[in-house]
1. Need the failing condition index for residue 56 against (1) in a helix (DSSP H, G or I); (2) open to solvent by 100 Å² or more (accessible area, probe 1.4 Å); (3) under 30 Å from residue 141 (Cα atoms); (4) not aliphatic (A, V, I, L, M), just the number.
2. Residue 188 is checked against (1) open to solvent by 10 Å² or more (accessible area, probe 1.4 Å); (2) among the polar types (S, T, N, Q); (3) closer than 23 Å to residue 127 by Cα and fails just one. What number does that condition carry?
3. List, please: which pairs have Cβ atoms under 9 Å, are six or more places apart or on different chains, and start with a residue in segment 155-170 that is on the phi > 0 side of the Ramachandran plot and end with one that is outside any loop (DSSP other than H, G, I, E, B) and of a type outside the set (Lys, Arg)?
4. Checking residue 9 against (1) surrounded by 10 or more Cβ atoms within 10 Å (Cβ to Cβ); (2) in a loop (DSSP other than H, G, I, E, B), which test does it fail?
5. Considering only residues that are open to solvent by 70 Å² or more (accessible area, probe 1.4 Å), closer than 29 Å to residue 75 by Cβ and modelled with pLDDT under 90, look in segment 25-40 and name the one that is nearest to the chain's Cα centre (by Cα).
6. Being modelled with pLDDT under 95 and open to solvent by 50 Å² or more (accessible area, probe 1.4 Å) is the filter; apply it to segment 302-319 and report the residue that is nearest to residue 360 (Cα to Cα).
7. Name the single residue that is modelled with the highest pLDDT among those in segment 320-330 being over 13 Å from residue 357 (Cα atoms) and open to solvent by less than 90 Å² (accessible area, probe 1.4 Å).
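The values are calculated or read from the model by the stated rules, or taken from the named source; none is laboratory data. Just so you know, these numbers come straight off a predicted model, no measurement behind them. Note that each Cβ is placed from the backbone with ideal geometry, even for glycine, and that neighbours are counted across all protein chains shown. For the accessible areas, the whole protein counts, side chains as well, though only heavy atoms, and no ligand, DNA or RNA atoms are used. Shrake-Rupley method; radii C 1.70, N 1.55, O 1.52, S 1.80 Å.
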Amino acid sequence: MTDALNPRTVAWARTMAGHADGDVVRAHADSHARLSLPAPIGREAREERERLVLRPGATFSDGAGTRAVAEEPDVERTCFERDRDRIVHSTAFRRLAGKTQVVVYPTDHQRTRLTHAIEVAQVATSLARGIGVNVALADAMALGHDCGHGPGGHASEDAFDAFIPGGYDHGPWGADVVLTPLNLCVETLDGIRNHSWSRPAPRTIEGELVSWADRIAYCAHDLEDAIHAGIVSVDDLPREVVATVGSTRREQLAVFIRSIITTVADTGIVGMDAEVAAALASLRSFNYERIYTRPESVAQSNAVIEVLRGLVEYYCEHPDAMPADYHDPAEADRVTTAVTYVGGMTDRYAFAMAEQLLGWDQDRLPQGIGRGA
């Protein structure tokens with residue numbers, strides 16, 4: 001049987017048990033990596049390192065962290081490293097791969113909510129390292145910041161507003177509903193809850209950095225996607241944007257990140273110098289006018305709203321159509337439960353349910369979902 005297999009498959013199969021080196025098993029037969037290490041660098045050593053390296057005003061890890069349900073500290077990881085890992089392994093985070101950033105059900109090269117979250121984390125950790133604050137906390141907040149988004153992008157907030165007293169806001173919803181089972185630290189949840197600029201300021205420096213990182217990332221990356229999709233061109237950009245921060249994503253991110261790091265170093269304030277901030281505001285306004293509110297985007301949003309409201313209403317009337325976890329007889333608030341379930345759907349699944357349960361024809365679905373794809 002082995003003789004019939006591809007040689008590469010045979011070579012891979014032979015590594016099943018690794019490579020013995022005395023009492024140690026190595027990954028590679030010719031591995032030569034060795035390190036003189038007196039003891040593992042566990043949680044307590046990492047916490048001590050933070051206190052030696054991070055700047056005053058940074059958020060320091062402390063044991064198991066402050067959580068809704070008390071836990072024992074982890075042996076290896078700090079409390080914020082643990083939060084970051086829980087978010088990455090969560091179902092809510094994985095589902096971001098199937099949720100809209102700008103375009104409903106994007107092509108292979110356009111951003112999804114997942115790639116956006118990763119890119120926000122890149123900006124946030126660059127800022128945290130440059131300023132000298134807690135990188136693990138900034139990373140956790142950034143990766144989890146959009147877990148409260150429903151399918152179809154920001155249109156899901158407009159759809160769910162009709163069902164939630166006070167309205168549906170993806171930041172608080174993510175922190176207080178979607179990620180609650182993860183029992184995250186209060187600092188992490190605060191940064192996720194308040195990352196939008198319309199919310200109260202986060203209580204930590206790291207949270208404020210994530211607020212900036214989110215805006216920087218989506219302004220630069222949404223523009224890049226729109227240019228690649230032929231929605232706008234580089235020549236359309238306002239002159240003051242190009243003159244101040246450049247026309248490419250790489251140039252823009254470098255200027256924005258450097259501006260915040262130098263501003264904090266010069267003033268102690270988490271912010272951006274006025275000239276660069278004006279360019280960021282101009283870029284965001286351009287994106288709103290030419291990308292987010294163009295007629296095609298508005299039509300797409302309207303279709304999303306109609307689908308999601310229809311699904312919530314359907315599940316309120318037919319709670320048994322939801323998975324068992326969502327129709328506990330003791331659950332009094334069917335509306336909130338239905339919003340939680342529909343909000344967790346990916347774009348593709350939500351529109352499949354619109355066809356199956358609501359009788360939608362594919363021609364009514366947004367481009368990228370139905371026959372307009």
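1. (1)
2. Single failed check for residue 188: (1).
3. Taking only residues 6 or more apart or on different chains, the pairs are 167/157; 167/160; 167/161.
4. Going through the list (1) surrounded by 10 or more Cβ atoms within 10 Å (Cβ to Cβ); (2) in a loop (DSSP other than H, G, I, E, B), residue 9 breaks only (2).
5. Going residue by residue through segment 25-40, those that are open to solvent by 70 Å² or more (accessible area, probe 1.4 Å) are 25, 27-30, 32-38, 40.
Cutting the leftovers down to closer than 29 Å to residue 75 by Cβ gives us 25, 27-28, 32-38, 40.
Retained after the next criterion (residues that are modelled with pLDDT under 90): 32-38, 40.
Numbers: 32: 38, 33: 35, 34: 36, 35: 35, 36: 37, 37: 35, 38: 37, 40: 31 Å.
Within segment 25-40, the match that is nearest to the chain's Cα centre (by Cα) is 40.
6. 306
7. Among those residues, the one meeting the criterion is 323.
Residues are listed down the side, and each one gets a yes or a no for (1) of a type in the set (Gly, Ala, Ser); (2) farther than 29 Å from residue 264 by Cβ; (3) over 16 Å from the mean Cα position of the chain (by Cα):
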| site | (1), (2), (3) |
| --- | --- |
| 123 | no, no, no |
| 133 | no, no, yes |
| 139 | no, no, no |
| 153 | yes, yes, no |
| 163 | no, yes, yes |
| 182 | no, yes, no |
| 198 | yes, no, yes |
| 201 | yes, no, yes |
